[in-house]
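Just below is one structure, and these are the notes that go with it.
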Amino acid sequence: MKNINSSNFWYRIGVPTEFTWGYIGTFLFMLGSCIENSWFSAYLVDLGFSVSQAATIFSAFGIMVALGSWLSGICVEVWGAKKIMLIGLIAYLAFSIPFMLFALPSENYLAILLLYMGRGLGYPLFCYSFLVWLTIDVDVSIQGRATSYFWICYNLGFTIIGPVFAVQLIPFIGETAVIWVGIVLSIVGSLLALFLTKKKFIIKERNTTPLVEIKEGILIMFRRPRIGTAVIVKTINGLGTYGFVVVLPVFLINKGYSMAEWSTIWGATFISNQIFNVIFGYLGDKIGFRKTIQLFGGTLTGVATIAVYLVPQLFGYNYWLFFLAMCFWGAGLAGFVPMSPLVPLMAPDNKGAANSAVNFGSGLGNFVGPALVSLLVVFGTGAVMYTMAALYLISVILTAFLKTPDELHQPLKDEAA
């Protein structure tokens, strides 16, 4: 365990101050790189694409998010956090600029699909590399809170300020100009994090090649089935975050809601989420990570997912009732926050591969959520929402198997089953 000053106020509340600019950079990068996320599916439908085509574009984006998320864990340990964060910025710009200059103006579906897909490498390589840095260098006694603050910054940009900021700007400068604003914000955030974070990442000497390390990031999910189970739970965690933005905007428009109302509610949902991120981060440190996920993650989120669908279905346009249902869902989602510190503790002898696995689960949610919409929306919005709710409830059962070696009273080794 690292020595920390327990009398320091910021450490007592779980804030590692040496990473302050990394938190700020995460906020700005997510604000910029995902500024279109909450309204882009409706925009694509307005351009003439179908809901299924829009969902396919989001799913393709999610494939690259999953790849970038998985690579971040191993690559950070091999090459260092700042290098991988810089690569994330370069990847994001390499795809975003042709996407804006060619794909969107031409309204070419294949170009939009491929270039938007490529943009998905950017934010996981940048932001999740910073998260991995936190799980490696922050004292275990405050990791639950330190990682919860990461998710607060992440969601402030992605799901709270981003949607509201974009919707307010669109009437004045238009959708494409808003995305350009996002690109600028991402550059600013990345430069702040890279140049003003003075904390040094120590690369440990390794006896294996980078290729072997990367391969281990895959194999650990199969050699240690509990890690593989954690990937499934983390994937389920992200279903609504990445699936709701595809299916709900069109569904709600048909119920009388405006895009401005949806974006405001979506932002408020994650204000609720951030409040409970801190609460559940604290509870995770006090009562245990796994117990917090079970009690306040899958169960609450699953029930709330059903409520989110039934309120517009049964009551039509009812802004405040739907608002409350979404905030209820956001609170439940926060119950999954302890996944980030829990999974590396399940493989303390190979934290890099474990981090890759949990980040891969985060990225897969970005793919599986829209993919479920693409597959099931032909059967109606209800089919999508009930399936997601069932999966959240299944995650409660799966979480019971997420035990550390100490809890299993066994030596560190690859599990036979």
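The values are calculated or read from the model by the stated rules, or taken from the named source; none is laboratory data. Since the structure is predicted, the reported quantities are computational estimates derived from the model, not experimental observations. Here the Cβ positions follow ideal geometry from the backbone for every residue, glycine too, while neighbour counts run over all protein chains shown. The protein model used for the area step is the full one, side chains on, heavy atoms only, and it has no ligands, DNA or RNA in it. Shrake-Rupley method; radii C 1.70, N 1.55, O 1.52, S 1.80 Å.
Side notes on the structure shown:
- Segment 225-243 residues that are more than 20 Å from residue 328 (Cα to Cα) and open to solvent by less than 20 Å² (accessible area, probe 1.4 Å), paired with ones that are not charged (D, E, K, R) and not in a helix (DSSP H, G or I) (beta carbon under 6 Å, 6 or more apart): 230/402
- Only one of the numbered conditions (1) of a type in the set (A, V, I, L, M, F, W, C); (2) over 19 Å from the mean Cα position of the chain (by Cα); (3) buried (at least 20 other Cβ atoms within 10 Å of the Cβ) is not met by residue 260, and that is (3).
- Hits in segment 313-339 (condition: in contact (Cβ under 8 Å) with a residue 60 or more places away in the chain, open to solvent by less than 50 Å² (accessible area, probe 1.4 Å) and either more than 16 Å from residue 291 (Cβ to Cβ) or aromatic (Phe, Trp, Tyr) (or both)): 316, 319, 322, 326, 329, 330, 333, 336
- The one condition in (1) under 22 Å from residue 282 (Cα atoms); (2) open to solvent by 50 Å² or more (accessible area, probe 1.4 Å); (3) not basic (Lys, Arg) that residue 175 fails to fulfil: (1)
- Sole residue being within 22 Å of residue 246 (Cβ to Cβ) and either open to solvent by 60 Å² or more (accessible area, probe 1.4 Å) or of a type in the set (D, E, K, R) (or both), chosen from 104, 114, 121, 156: 114
- The set of residues in segment 69-83 being at pLDDT 85 or above and open to solvent by less than 10 Å² (accessible area, probe 1.4 Å) consists of 80, 81.
- Checking 364, 393 one by one, the residue that is in contact (Cβ under 8 Å) with a residue 24 or more places away in the chain, part of a helix (DSSP H, G or I) and closer than 18 Å to residue 65 by Cβ is 364 and no other.
- Condition met for residue 140 (at pLDDT 80 or above and either crowded, with 24+ Cβ neighbours inside 10 Å or touching a Pro at 6+ places or on another chain (Cβ under 9 Å) (or both)): no
- Selection count, segment 19-59, where residues are more than 20 Å from the chain's Cα centre (by Cα) and not polar (S, T, N, Q): 9
- Given (1) modelled with pLDDT of 90 or more; (2) closer than 17 Å to residue 272 by Cα; (3) surrounded by fewer than 23 Cβ atoms within 10 Å (Cβ to Cβ), index of the condition residue 301 fails: (3)
- Filtering segment 264-284 for residues that are over 23 Å from residue 154 (Cα atoms) and either small (Gly, Ala, Ser) or buried (at least 17 other Cβ atoms within 10 Å of the Cβ) (or both) leaves an empty set.
- Residue satisfying condition, being at pLDDT 85 or above, part of a helix (DSSP H, G or I), touching a helix residue (DSSP H, G or I) at 6+ places or on another chain (Cβ under 8 Å) and of a type outside the set (Lys, Arg), within set 353, 383: 383
- Matching residues, segment 37-59, being within 16 Å of residue 111 (Cβ to Cβ), in a loop (DSSP other than H, G, I, E, B) and open to solvent by less than 40 Å² (accessible area, probe 1.4 Å): 49
- Answer residue from segment 245-256, given it is modelled with pLDDT under 90 and open to solvent by less than 10 Å² (accessible area, probe 1.4 Å) and is farthest from the chain's Cα centre (by Cα) among those: 249
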